[in-house]
Amino acid sequence: MRLSLGDKMMQRTIYLLLILMSVIMLYPFWNALVISFNEGSDTALGGVTLWPREYTLENYYIVFQDHRLLNSFFITILRTLSGTALSVFFTALLAYGMAKKTLLFRKQYMVFFMITMFFSGGLIPSYMLIRSLGMLDTFWVLVIPSIISVYNMIVIRTFFSALPDGLEESAKIDGCSNYGIFFRIVLPVSGPVLATIALFTAVGHWNDWFTGAIYITTDDLLPIQTLLRQIMNSNIMTEIGSSNAIALDHMNRNRTVTTKSLTMATMMIATIPIILTYPFLQKYFVKGVLIGSLKE
Amino acid sequence: MKAAVKPSVWKKLTNQLDLQSMVWPGIIFVAVFSYIPMYGVVMAFQQYDIFNGMMESPWVGFMNFRMFFEAPEFWNVMRNTIVISLLKLVITFPAPILLALMLNEVGNMAFKRFVQTVSYLPYFLSWVIVSGLVFSLLSVDNGTVNYLLERLNLSQEPVNFLAIPEYFWSILVSVNVWKEIGFGSIVYLAAIAGVDPAMYEAASIDGASRFKQIYLITLPSISPVIIIFMILAIGNLLSAGFEDILLLATNPILRPYSDVIDTYVYRVGILNARFSYATAVGLFKAVISVILLVTANKIARRADVSLW
């Protein structure tokens, strides 16, 4: 197809804008990475933009020495794994039931679930509930309240409904129960959609700081994002440093680490696991988002 | 009649107990974690007392609501909520559509994929990380933005961007666009891919420029998708933002421009422990949101698109 002059100009402009956008998208992250590898006192002089000026691993070295940080890293991994597994399992189980046209009260159940998508009790009543359940300051508060996601249920249900009927019918004739069909036939063929939901649930768990911020007060249960926020908020990175003698020693002797360089290193540690997974899962999540946005 | 129906429902139910038992755990979870808090909003009409609990606390009618309407913060909080929401509706909402339209004009597949991958990246960063990046970029002593301004001779001394209330709205909206634009574009790209290519051919034979084709074919074709997301956005109008504002506006000096209903509820409710008052404010927001959602849906129905 031949392009007119106007069309060509438009296309050039679009390429230019998209390149500019890509730079703006990447730069903040890249700059933080660079700073995390740059010597702290040198960073403080300013002008560290595209490349480390005084390359060092010291920031990471110190951050990895901090037991509080390692502990919350561990809590976050534990929470992400268990939270994702439980959530995907129970949501899929629910979605399977809801996908069955024969399910009694199906319509009523659906209304029951849909209402929660548009109306909620809000922050304070939720807090009171968690408190009266005795879940304040427990690991489970990070996992249990978010097990069922109505939105994800609808996505999975849409996928289940589209499965060919014959798939289940033959199993039924062979005397398979609904649970048998669910575990042995439906789950194994639903890999892509479950992977998508699992990815989003996992990202949600990994990135959530708010649950930790309101429901958890003891340090050894804090998820990494919550801890990171505390660090940034009060600039207590120096205090974190002082919790181990090595860092304090470093600071007093050569002053090569600063609040900023340590914060950047921590941020990278809290982000890189997510960044590493997503290019591999990109093709799945694009599909998943599309299933989710389909109208019923 | 009733007597005849009841046993059969009961029988049907017992016949599909295994199917029902798959749904019930989900129902119990939602009943506990969504419906009990909904019931908890009665606190808004009480003078909640921690020691007495909800059962024993005295009823006060609409007193908590009246307190909010008469509070010195009321107009400020409402103004910020509405302005920030509208800014997001006018800027953050159309941005992914614009990106999708631009990406659709890209012929080079490798380049297109690269831009898409890069634009999704920020969606996967938590707001904590994003706020950290923003603080770092805008920092007074060694942030890149001030460094550039200085090198280009645009400013004599470093600007403390996150301590100037008037700048907050623009920073907030820009950061939101940055975080959401790529991911939001996925749905629109798919909708554009579904448009019949024959329409473009016909238009280009008639001599329509690419720009005209976008305006006359692409946009009308994807308008149902746009309207659906618009309705949802309007339903969330009073949720001007929570995480983003809470994390970016750490400096109290910004409060006259940054405080919205949700951050106000958080501050007053959780940090100051005024449970009843904060619940009332939250309920006020929820009720208006539902009204907005229903209204938007009704209006959209005239264009034959609706959520339900």
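Details
- Close contacts from the stretch B:96-116, counting a first residue that is closer than 13 Å to residue A:22 by Cβ and a second that is outside any helix (DSSP H, G or I) and β-branched (Val, Ile, Thr), with Cβ to Cβ under 7 Å and a gap of 6+ residues or different chains, come to B:112/B:106.
- Filter pass, residue B:215 being more than 7 Å from chain A (Cβ to nearest Cβ) and under 26 Å from residue B:86 (Cα atoms): yes
- For residue A:180, the stated conditions do not hold, so it cannot be described as within 12 Å of chain B (Cβ to nearest Cβ) and touching a residue at least 12 places away in the same chain (Cβ under 8 Å).
Rundown of residues vs (1) touching a residue at least 12 places away in the same chain (Cβ under 8 Å); (2) closer than 20 Å to residue B:101 by Cα; (3) in a helix (DSSP H, G or I), yes/no style:
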residue	(1), (2), (3)
B:211	no, yes, yes
B:214	yes, yes, yes
B:218	yes, yes, yes
B:231	yes, no, yes
B:239	yes, no, no
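- Each residue in the stretch B:97-120 was checked for being among the hydrophobic types (A, V, I, L, M, F, W, C), buried (at least 19 other Cβ atoms within 10 Å of the Cβ) and at the interface with another protein chain (Cβ under 8 Å from one of its Cβ atoms), and 4 of them qualify.
- The residues on offer are A:46, A:6, and the sole one that is within 14 Å of another protein chain (Cβ to nearest Cβ), surrounded by 16 or more Cβ atoms within 10 Å (Cβ to Cβ) and free of Cβ contacts under 8 Å to residues at least 24 places away in the same chain is A:46.
- Members of the stretch A:263-283 that are of a type in the set (Phe, Trp, Tyr) and under 14 Å from residue B:122 (Cβ atoms): A:278
- Pairs where the first residue, in the stretch B:252-269, is under 16 Å from residue B:289 (Cβ atoms) and within 14 Å of another protein chain (Cβ to nearest Cβ) and the second is outside any helix (DSSP H, G or I) and of a type in the set (A, V, I, L, M), C-beta under 7 Å, 6+ apart: B:260/B:240; B:261/B:238
- Out of B:80, B:76, sole residue that is surrounded by fewer than 19 Cβ atoms within 10 Å (Cβ to Cβ), in contact with a Pro (Cβ under 9 Å, 6 or more places away or on another chain) and more than 14 Å from chain A (Cβ to nearest Cβ): B:76
- Condition broken by residue A:25, with the remaining ones in (1) farther than 30 Å from residue B:208 by Cβ; (2) at the interface with another protein chain (Cβ under 7 Å from one of its Cβ atoms); (3) out of contact with any Phe, Trp or Tyr (no Cβ under 9 Å at 6 or more places or on another chain) satisfied: (3)
- Enumeration of residues in the stretch A:70-92 that are aromatic (Phe, Trp, Tyr) and within 8 Å of chain B (Cβ to nearest Cβ): A:90
- Between A:41, A:120, A:87, A:72, the distinction of being assigned to a helix (DSSP H, G or I), surrounded by fewer than 21 Cβ atoms within 10 Å (Cβ to Cβ) and polar (S, T, N, Q) belongs to A:41 only.
- Within the stretch A:265-281, the residues that satisfy the criterion of being surrounded by 15 or more Cβ atoms within 10 Å (Cβ to Cβ) and either facing chain B (nearest Cβ under 7 Å) or at pLDDT below 70 (or both) are A:267, A:270, A:271, A:274, A:278.
- Check on residue B:63, in contact with a Ser or Thr (Cβ under 8 Å, 6 or more places away or on another chain) and either within 16 Å of residue A:125 (Cβ to Cβ) or away from every other protein chain (no Cβ under 12 Å) (or both): no
- The set of residues in the stretch B:133-186 being assigned to a loop (DSSP other than H, G, I, E, B) and surrounded by 19 or more Cβ atoms within 10 Å (Cβ to Cβ) consists of B:139, B:142, B:143.
- Whichever residue in the stretch A:188-198 is out of contact with any Phe, Trp or Tyr (no Cβ under 6 Å at 6 or more places or on another chain) and either outside any helix (DSSP H, G or I) or not β-branched (Val, Ile, Thr) (or both) and, among such residues, is farthest from the other protein chains (Cβ to nearest Cβ): A:191
- Test: residue in the stretch A:50-58 that is assigned to a loop (DSSP other than H, G, I, E, B) and either in contact (Cβ under 8 Å) with a residue 60 or more places away in the chain or β-branched (Val, Ile, Thr) (or both): yes
- With respect to the conditions (1) in a helix (DSSP H, G or I); (2) crowded, with 17+ Cβ neighbours inside 10 Å; (3) within 11 Å of another protein chain (Cβ to nearest Cβ); (4) out of contact with any Lys or Arg (no Cβ under 9 Å at 6 or more places or on another chain), residue A:95 lacks only one, and its number is (4).
- In the stretch A:113-133, the residue that is nearest to the chain's Cα centre (by Cα) out of those that are hydrophobic (A, V, I, L, M, F, W, C) and at the interface with chain B (Cβ under 7 Å from one of its Cβ atoms) is A:123.
The values are calculated or read from the model by the stated rules, or taken from the named source; none is laboratory data. Nothing here was measured: the structure is a model prediction, and the numbers come from that model. Ideal geometry is used to build each Cβ from the backbone, glycine not excepted, and the neighbour counts take in all protein chains shown.
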